[in-house]
1. Which residues, taken from region 52-84, are among the charged types (D, E, K, R), in a loop (DSSP other than H, G, I, E, B) and either under 28 Å from Arg3 (Cβ atoms) or in contact (Cβ under 8 Å) with a residue 12 or more places away in the chain (or both)?
2. Among the residues of region 4-16, what is the count of those that are surrounded by fewer than 10 Cβ atoms within 10 Å (Cβ to Cβ) and not small (Gly, Ala, Ser)?
3. Go through region 52-74 residue by residue and tally those that are open to solvent by 70 Å² or more (accessible area, probe 1.4 Å) and more than 14 Å from Glu29 (Cβ to Cβ).
4. Filter region 27-51 for residues that are closer than 30 Å to Ser7 by Cα, open to solvent by less than 100 Å² (accessible area, probe 1.4 Å) and either of a type in the set (Lys, Arg) or in contact with a Gly (Cβ under 8 Å, 6 or more places away or on another chain) (or both) and give the result.
Amino acid sequence: MKRYDGSEIVNIGVGEDISISELAALIKEIVAYKGDVIYDASKPDGTPRKLLDVSRIHSLGWKAKTGLREGIAKTYEWYAQHHKGQGS
């Protein structure tokens, strides 16, 4: 962001699409959750695609170094190490 002085929104991400169910399954796998993921079909499911356009940040020379799986795993590992015995 040192080279950006615009007023437009700049999305930051890996530029890959993933469905909510795929994301839930990924998190379930990473945290070793053995239960079921239950969807409430009576609630709105939001926009069909949740993919952010990352072309603006790519044009500034930035690209994600960490993929989604690795990022979630690292975040969960950090959380587990820093919140032991706090009722979670």
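The values are calculated or read from the model by the stated rules, or taken from the named source; none is laboratory data. Note that this is a predicted model, so its numbers are computed, not measured. Counting neighbours? That spans all protein chains shown, and the Cβs are built from the backbone with ideal geometry, glycine included. In case anyone asks, the SASA skips ligands and DNA or RNA and just uses the protein heavy atoms, side chains included. Shrake-Rupley method; radii C 1.70, N 1.55, O 1.52, S 1.80 Å.
1. Asp53, Lys63, Lys65
2. Of the residues in region 4-16, 3 are surrounded by fewer than 10 Cβ atoms within 10 Å (Cβ to Cβ) and not small (Gly, Ala, Ser).
3. 8
4. Lys50, Leu51
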